[in-house]
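Data first, discussion second: the structure below is written as structure tokens.
Nothing in this text is a laboratory measurement; each read-out follows from the coordinates by a stated rule. Here the structure is a predicted model, which means the values were calculated and not measured. For neighbour counting, all protein chains shown are included, and Cβ atoms are generated from backbone atoms with ideal geometry for every residue, glycine included.
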Amino acid sequence: MGLLLAQARHIPGRRRRCAAANGSQAVRGDELRGKTIGIVGLGRIGGHVAQLARAFGMHVVGHDPYLSPERAAELQLKLLPLDQLLGQADVVTLTWRTPSRPIT
């Protein structure tokens, strides 16, 4: 979320320009509120990212073939096929989880 904020607000480039201008330039950029975040992989970390994104006022869509509709409702997000998620999201984050493997 920190990297997303830095990118949306153009922090690195603005910081250099502001320092060169002795602090006379305001830092402007896009707001996260109202933007759509697509989360691919909704395990423990993806679920936490969904909560944080909602706290910033973002719309949350997700894709995870292992997630139940009940868990999606708990996370307050809309499950979408991957191609639709990529078409709707302003920003996409990927989390990885390995499905359980049977012991042989």
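In percent, how large is the relative contact order of the stretch 55-96, given Cα pairs closer than 8 Å and 6 or more residues apart?
Contact order relative to length: 40 percent.
As an exercise, use a Förster radius of 30 Å and the Cβ-Cβ distance of LEU3 and GLN76 to find the FRET efficiency, rounded to the nearest 0.05.
0.85
Give a residue-ordered list of calculated ³J(HN,Hα) values for the stretch 82-93 (Karplus: 6.51 cos²θ - 1.76 cosθ + 1.60, θ = phi - 60°; whole Hz; x for Gly, Pro).
Values per residue, Gly and Pro as x: 4, 5, 6, 4, 5, x, 9, 7, 7, 9, 10, 10 Hz.
How about the stretch 27-86: which trypsin sites (Lys or Arg not before Pro) there are in a DSSP loop, with at most 12 other Cβ atoms within 10 Å of their Cβ?
ARG28, ARG33
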